Amino acid sequence: MRLPAFIDDLSIEPRVYHEQLREWCRSMRASHPVVFDDESKSWLVFRYEDVVRVQSDYATFSSERSLNRDRRPGPRRDQPSIIELDPPRHRQMRSLLTASFSARTIAEMAPQIEHIVDELLDEVLARKRVDWMDSFANPLPVMVISDMLGMPREKWRQFKAWNDALTSDDEEAEQANKLFTEYFERSIEERRREPRQDILSLLINSEVDGEHLSHDELIGFCFTLFIAGNITTTNILGNAFLCFDAHPETFQRLRGQPELVPSAVEEILRYMPPFRAGPNDLVLGRVAKRDVEIGGEQIQAGEYVQINRLSANFDEQIFPNPEHFDIERNPNRHQSFGHGIHFCIGAPLARLETKIALTKLAQRIKAIHIAEDELPEQVRNSLLFGMKRLFVELS
Ligand code: HEM
């Protein structure tokens, strides 16, 4: 099978693109729920139950993709990150982070996040018409993850620029990788001399089987947390506006019933997850460790399997009336944070940031409109679905 041409055309208006993506996923679930893509030479999995199975059965579907195939975009590292590990190493590395990302620790960050949100919104509201990405959705998650890692939040533009370059073409990515690595190395040295109350100090002092993390493992953690901690959340903060613009009545309901914000956040995650759809997902897929049958197709050991989370989120076997954007949907077991042992460790943080942002928006803004004379632009990233520019008018 070959993918439809529109998939790689990131210049398509994002709302039109997303509609085409949903329609394509719907037809694939019906006709080819598991199919081999000749171009990426990997299997694509579209149905909810199969997506869950691939993530649950980690003994068969390994996350050690960087070790099995040299396909990971961006600069290569000698040590795989937590997201590319299988047990038992995965369990050991993840356990180093569980306290810092527990629901309780994250809930304690609410006042600090509220403060950042208020400051950013003050500036946004002073202007009425803004690029929502540049003035809010980009800075908020970068500032929050910088605070957690003990990096100066006022340097957010620099960090964001490095971050974006890392996922772009090779030359820029290499340069950003070098600068970011040097920055993290300096930060690690400073904390070795003088530990602080931040995740970096905690990781430096952590031990696995009686040994400290290696230099590469520490740097890898910094990269993973920094990147995972901002781009996805930025995209969901932008995608939320696309959802509200298409369904203005939902924003009005949130203004009157702020208690609906948490379930609205889940519905935004289901409807417009920050992942494109799987066909280009060479970062978060799995590698079959043995011959296995799924969805009636025979997958050989060593073959690559891509999980289509957007498609799973619209599977009509699981979600009644999936095209309906329903901020009270319950249950809403979307796949946007993954499933199983790699379930997103930052989910409580992403949820909290989005919840605080939407609650404050609903308190302070009467209506949101996407500017008609300056159409939204997608990020030029084959993995992520999000906005590069999103001009909005707020009243
Ligand atoms: C809306 C925002 C977010 C979305 C949609 C998201 C999505 C995901 C998904 C789907 C996975 C599973 C990947 C896999 O199965 O291979 C994952 C893992 C992960 N996420 Fe997130 N994420 C978000 C925010 C965050 C934040 C804020 C952080 C941290 C600061 C974070 C850190 C991580 C880490 C460290 C992992 C790897 C966990 C493991 O391998 O055990 N994420 N995320």
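The values are calculated or read from the model by the stated rules, or taken from the named source; none is laboratory data. Keep in mind that this is a model prediction, so the values were computed, not measured. With ideal geometry, Cβ positions are generated from the backbone for all residues, glycine too; neighbour counts draw on all protein chains shown. Heads up: the accessible areas ignore ligands, DNA and RNA and are worked out on the full protein's heavy atoms, side chains in. Shrake-Rupley method; radii C 1.70, N 1.55, O 1.52, S 1.80 Å.
At-a-glance table
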{"item": "Proximal aspartates and glutamates to K128, defined as alpha-carbon separation beneath 14 angstrom and excluding residues fewer than eight positions away on the same chain", "result": "E393"}
{"item": "Burial order of peptide ranges 354-360, 379-385, 87-93 (average beta-carbon count within 10 Å, highest first)", "result": "354-360, 379-385, 87-93"}
{"item": "Accessible-area composition of the chain, carbon plus sulfur, in percent [1.4 Å probe]", "result": "49 percent"}
{"item": "Area accessible to solvent at H212, 1.4 Å probe radius, in Å²", "result": "100 Å²"}
{"item": "Net length gained if the chain between E249 and S95 were fully extended (0.36 nm per residue, minus Cα distance)", "result": "51.2 nm"}
{"item": "Surface per residue (accessible, 1.4 Å probe) for the chain, Å²", "result": "43 Å²"}
{"item": "The chain: calculated mean residue ellipticity at 222 nm from DSSP helix runs of at least 4, using -39500 (n - 2.57)", "result": "-15000 deg cm²/dmol"}
{"item": "Separation in nanometres of the label points that stand 7 Å from Cα toward Cβ, at D118 and F36", "result": "6.0 nm"}
{"item": "The chain, Rg to Rh (Cα coordinates; Rh as Kirkwood inverse mean 1/r)", "result": "0.95"}
{"item": "Rough spin-label spacing in nm, given labels placed 7 Å along Cα→Cβ, for E13 and D209", "result": "5.6 nm"}
{"item": "DSSP bridge pairs, region 5-394: antiparallel proportion in percent, nearest 5", "result": "85 percent"}
{"item": "Amide H contacts under 5 Å for S42, placed H, 5+ residues apart", "result": "D37"}
{"item": "Long-range amide H partners of R389 with built H, under 5 Å", "result": "E377"}
